[in-house]
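Here is the structure we will look at, set down as structure tokens.
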Amino acid sequence: STVPESWIIDTMRMFRLKSRVRLRNYHDTHAVLQRLCDEGRKLYLLTNAEHEFTAPEIEEMDLTKYFEEIRMSSDHHMRKPEPQFLMDMINDHDMDPDRTVMVGNDICSDIKAADACGISSVYLNTWHFSDERIQELLKKEIMHPERVRIIRSGRLNKL
């Protein structure tokens, strides 16, 4: 017999709740996002995530209000670093690539997607990699490392 989709979604969400160790924003998240919005910046969230449990988490963390749009890989059947995932967002919102910046904490997905699309990026070192490891990843994954700003502390308030 067929299982109702609502049961599958409820099961996914329950599994996520039971398996999650913690859910919290990075330090200064709200202050930085609010400052960027106050400066007139348009913010978009592009995430490699499953909509059914990530959307409620983003809402729970009170982040939705900052973003013009939130796109999740599960809804678009592609994920970073696939350039098309980012290019679709850029094109759909008529963003100027020369004035667009990808901010992320993963060189192999976030920064690599930006690099493939020809836009600048900011790498937040939230995993506290050594400078040597960061340079190794940039050399291996990134064609234009000169377009990557590195925030070694991983702190959003350094944006």
* Under a point spin-label approximation (7 Å from Cα along Cα-to-Cβ), what is the residue 29-residue 60 distance to one decimal in nm? -> 1.1
* Can you send over the carbon and sulfur percentage of the accessible area for the chain, probe radius 1.4 Å, protein chains only? => 51
* ³J(HN,Hα) across region 26-42 via Karplus (A = 6.51, B = -1.76, C = 1.60, θ = phi - 60°), whole Hz, x for Gly/Pro? -> 5, 3, 6, 4, 5, 5, 5, 5, 5, 4, 4, 5, 4, 7, x, 6, 9
* Would you tell me the accessible area of residue 10, worked out with a 1.4 angstrom probe on the heavy atoms of the protein chains, in Å² to the nearest 10? => 100
* Only helical DSSP H runs with n ≥ 4 go in: add -39500 (n - 2.57) per run for the chain, normalise by residue count and round the 222 nm mean residue ellipticity to 500 deg cm²/dmol. => -12000 deg cm²/dmol
* What shape does region 1-148 take by its C-alpha gyration tensor, where a ≥ b ≥ c are the square roots of the eigenvalues and a/c under 1.5 counts as rounded, a/b above b/c as prolate, and the rest as oblate? -> prolate
* **FRET E, pair residue 152, residue 14, Förster distance 30 Å, beta-carbon r, rounded to 0.05** => 0.20
* Structure fact -> A chain fully extended from residue 21 to residue 2 at 0.36 nm per residue, minus the present Cα-Cα distance, gains in nm 3.7 nm
* Asked: Which ³J(HN,Hα) values, rounded to whole Hz and listed in residue order, are derived for region 114-124 from phi using the Karplus coefficients 6.51, -1.76 and 1.60 in 6.51 cos²θ - 1.76 cosθ + 1.60 with θ = phi - 60°, glycine and proline given as x?
  -> 4, 4, 5, 8, x, 10, 6, 8, 10, 9, 8
* To do: Can you work out the accessible area per residue across region 1-143, with the rest of the protein chains kept in place, probe 1.4 Å, in square angstrom?
  => 64
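The values are calculated or read from the model by the stated rules, or taken from the named source; none is laboratory data. Everything quoted here is computed from the prediction, not taken from an experiment. Because the Cβ atoms are built from the backbone with ideal geometry, glycine has one as well, and the counts that use them run over all protein chains shown. We work out accessible area using only protein heavy atoms, side chains counted, and drop any ligands, DNA or RNA first. Shrake-Rupley method; radii C 1.70, N 1.55, O 1.52, S 1.80 Å.
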